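One structure is given below, encoded as structure tokens.
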Amino acid sequence: MESSSFFTINDDQIDLYQVVKYLQISGKLNQFISDVLRQYVLEKELKTRDDINISTALIEQAIIDFRLKNQLTDPEQFQTWLQNNGSDYATFYESVSFGFKLEKLKAVITEPKLPEYFIERKIYLDRVVLSRIMVNNRELAEELHTQIEEGSSFEQLAKEYSLADEKTFNGMMGPISRGSLPDILRASVDAANLGQLIGPIEIEGNFSLFRLENILPATLENTQLKQSLQNELFEKWLGEKIQNLTVKLQVS
């Protein structure tokens with residue numbers, strides 16, 4: 001493949017081969033190729049679909065909103081902004097349109113798979129709020145358990161005896177993914193009622209008492225969670241598409 005001028009710096013013509021060398025030396029060639037492949041797959045997919053239609057009015061309104069938000073209502077000011085960002089109106093319009101198409105494609109591809117994927121991931125999405133008192137020997141842990149059962153304050157004992165950082169917060173650990181809990185603790189938490197004392201349980205050489213403060217079950221009604229799962233599914237789909245490509249770098 002013949003070398004061709006890619007762009008000019010001062011009076012120097014920078015050809016495609018030199019661009020690739022710069023990317024190789026900087027360690028950014030793989031990311032560059034990955035970005036190109038990603039865009040190639042997406043554009044090719046969009047061309048083959050007749051279920052991804054975006055109205056012109058929606059795109060134009062999005063551009064108006066962008067200009068209002070960024071104080072670019074003056075046409076000359078907007079044109080200057082486009083030039084400063086290496087773009088023109090046609091390219092900017094295409095970029096906005098692509099953004100809408102991408103979101104619609106994401107929904108079309110992921111929504112049929114979302115309920116099953118949610119169930120598969122639910123153990124990691126459900127969260128629990130725990131309080132903990134962590135000590136370095138079983139005898140002390142059992143003694144503290146007895147004191148709490150007899151009416152002593154969990155919070156006060158956490159401040160006095162716990163080796164964990166959260167002792168400054170009365171032992172409160174905050175929301176934790178169920179899936180990230182050690183198996184022995186997760187089994188006990190799943191069987192516990194709110195406010196119930198758990199343990200002592202040995203974890204990594206220390207002995208801990210836990211109290212179940214709250215259960216925060218995941219739900220697809222949570223818009224942020226749903227979007228996060230859709231992104232995960234879409235990236236998996238896209239990754240599989242890219243893996244099936246045959247790519248040859250031809251620069252000389």
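The values are calculated or read from the model by the stated rules, or taken from the named source; none is laboratory data. If you're wondering where the values come from, they're calculated on a predicted model, not measured in any experiment. Neighbour counts run over all protein chains shown; Cβ positions are idealised from the backbone, glycine included. The protein model used for the area step is the full one, side chains on, heavy atoms only, and it has no ligands, DNA or RNA in it. Shrake-Rupley method; radii C 1.70, N 1.55, O 1.52, S 1.80 Å.
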Taking the stated definitions as given, is K104 open to solvent by 70 Å² or more (accessible area, probe 1.4 Å), out of contact with any strand residue (DSSP E or B) (no Cβ under 6 Å at 6 or more places or on another chain) and either part of a strand (DSSP E or B) or touching a residue at least 24 places away in the same chain (Cβ under 8 Å) (or both)? yes
Give the residue that is farthest from the chain's Cα centre (by Cα), with candidates limited to residues of region 237-252 that are open to solvent by 70 Å² or more (accessible area, probe 1.4 Å) and of a type outside the set (D, E, K, R). S252
Anything in region 131-142 that is open to solvent by 60 Å² or more (accessible area, probe 1.4 Å) and either touching a residue at least 24 places away in the same chain (Cβ under 8 Å) or not assigned by the TED database to the domain that holds G179 (or both)? List them, or say none. N136, R138, E142
Take the conditions within 30 Å of L229 (Cα to Cα) and not assigned by the TED database to the domain that holds L197 and apply them to F78. Does it pass? no
Please go through (1) in contact (Cβ under 8 Å) with a residue 60 or more places away in the chain; (2) open to solvent by less than 80 Å² (accessible area, probe 1.4 Å); (3) farther than 30 Å from E232 by Cβ for V128 and return the number of the only condition it doesn't satisfy. (3)
Please count how many residues of region 58-69 are open to solvent by 70 Å² or more (accessible area, probe 1.4 Å) and not acidic (D, E). 5
Given region 168-236, what strands (runs of 3 or more DSSP E) lie entirely inside it while holding 1 or more residues that are modelled with pLDDT under 90 and open to solvent by less than 50 Å² (accessible area, probe 1.4 Å)? 172-177, 197-203
Condition broken by D50, with the remaining ones in (1) open to solvent by less than 90 Å² (accessible area, probe 1.4 Å); (2) outside any helix (DSSP H, G or I); (3) without any contact (Cβ under 8 Å) to a residue 40 or more places away in the chain; (4) under 25 Å from K236 (Cα atoms) satisfied: (1)
Name the residues in region 53-78 that are closer than 19 Å to T91 by Cβ, more than 29 Å from the chain's Cα centre (by Cα) and assigned to a helix (DSSP H, G or I), would you? T56, E60, I64, P75, E76, Q77, F78
